[in-house]
Amino acid sequence: MALTQRTRGQRAACRRPTGVLTRGEYVISLMRHGGKNAALFTGFPIILVLLDIPPMLPVLDGVVMELQDCALPLLMEVIPTDKVEVGFKDIDAAILVGSMPRKEGMERKDLLKANVAIFKTQGAALDKFAKKTVKVVVVGNPANTNCLIASKSAPSIPKENFSCLTRLDHNRASSQVAMRCGVSSDKVKNVIIWGNHSSTQYPDVHHAKVTVSGAEKPAYDAVKDEAWLRGDFISTVQLRGAAVIKARKLSSAMSAAKAICDHVRDIWFGTKEGEFISMGVYAAGNSYGIPEDLIYSFPIEIKNQTWKMVDGLPINDFSRGKMDATAAELVEERDTALDFLSQ
Ligand code: LMR
């Protein structure tokens, strides 16, 4: 999906997000969340470009009708297309939600081969047609490695403009802690998802805070159950995507769409003072000893549409082991992907 900004009543000066290889269910869910307040993700008028493969165009027509029927005041135009030169032309934001979908029982690694080819093509098309300031958000799995491949295939676009979605995991972790403490999820802040959007990710609450009865406490003190925080909490978040697929026979849609909206809104409007969120970004220059040529999820603050890793958080041995394990999986995924690309 692509967004182009557009002033009311004018065709010039647009912000186009583009949804590349859209998944209808995602788009509808995105509209449900982003479309609230008629702001899509960003708060200004937009053109939405929906890019999909030719056989999906009739389905896309249905999505376009539904979008029109939502009567969203800030949605100026919806352009369905199967052509990258239309889908990516001068876009300001690309939300790459499409990939070969994961089926029950499959690991993301199984998807690598099909998806590196897709994301290489999309990266090259972004390089050719999008604005150099485009913000690219990769959602399709394996999201981190797909994002890395797209970025490597778009050398003229700064690496900082690429990110992958781990906000869904972040929201899942916040929600689990909130439910455990009997508070609403907005009372939990600064959980961290480290690493891969996969079952090796490390949801970490050592730096998280929970507000209970008006008092802000470290999450460990609020939860008062270290065994749960080091055990079931972590595995629940790590395996949540697979659990949703098992139950629905379909990948998450509504929660993923909400997370995409959170992610994009923070890129445009920044994170709250004193709060950080999780986002998969280029690991170059990180202070946590993570190999540099990876897209790895870190704690991130955003101001003026520029993200910054939160550096220098103390890391204990428990966390170190889990951060390294998910990094090792990403190194393996990257090397496999690059291998496929060189064949
Ligand atoms: C999720 O975390 O819900 C999805 O990324 C799962 C998937 O593989 O589609």
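The values are calculated or read from the model by the stated rules, or taken from the named source; none is laboratory data. Remember, it's a predicted structure, so these values are computed and weren't measured experimentally. Glycine gets a Cβ as well: all are built from the backbone with ideal geometry, and neighbour counts include every protein chain shown. Remember, those area values only see protein heavy atoms, side chains included, never the ligands or the DNA or RNA. Shrake-Rupley method; radii C 1.70, N 1.55, O 1.52, S 1.80 Å.
Data overview
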read-out	value
Of all residues in segment 144-171 being of a type in the set (D, E, K, R) and either open to solvent by less than 10 Å² (accessible area, probe 1.4 Å) or within 16 Å of the ligand (Cβ to nearest atom) (or both), the one that is farthest from K89 (Cα to Cα)	D169
Residue satisfying condition, being in contact (Cβ under 8 Å) with a residue 60 or more places away in the chain, farther than 27 Å from I149 by Cβ and of a type in the set (D, E), within set E275, E333	E275
Per-region count, segment 280-303, residues within 16 Å of the ligand (Cβ to nearest atom) and either at pLDDT below 95 or of a type outside the set (A, V, I, L, M, F, W, C) (or both)	2
Per-region count, segment 259-279, residues modelled with pLDDT of 90 or more and within 16 Å of the ligand (Cβ to nearest atom)	6
Unmet requirement for A256, which otherwise passes all of (1) part of a helix (DSSP H, G or I); (2) at pLDDT below 90; (3) among the aliphatic types (A, V, I, L, M)	(2)
Subset tally (residues that are acidic (D, E), open to solvent by 60 Å² or more (accessible area, probe 1.4 Å) and under 24 Å from S153 (Cβ atoms)) for segment 298-343	3
Options N196, N141; residue that is within 13 Å of the ligand (Cβ to nearest atom), open to solvent by less than 10 Å² (accessible area, probe 1.4 Å) and polar (S, T, N, Q)	N196
Some residue of segment 200-207 being assigned to a helix (DSSP H, G or I), closer than 23 Å to V137 by Cα and within 16 Å of the ligand (Cβ to nearest atom)	no
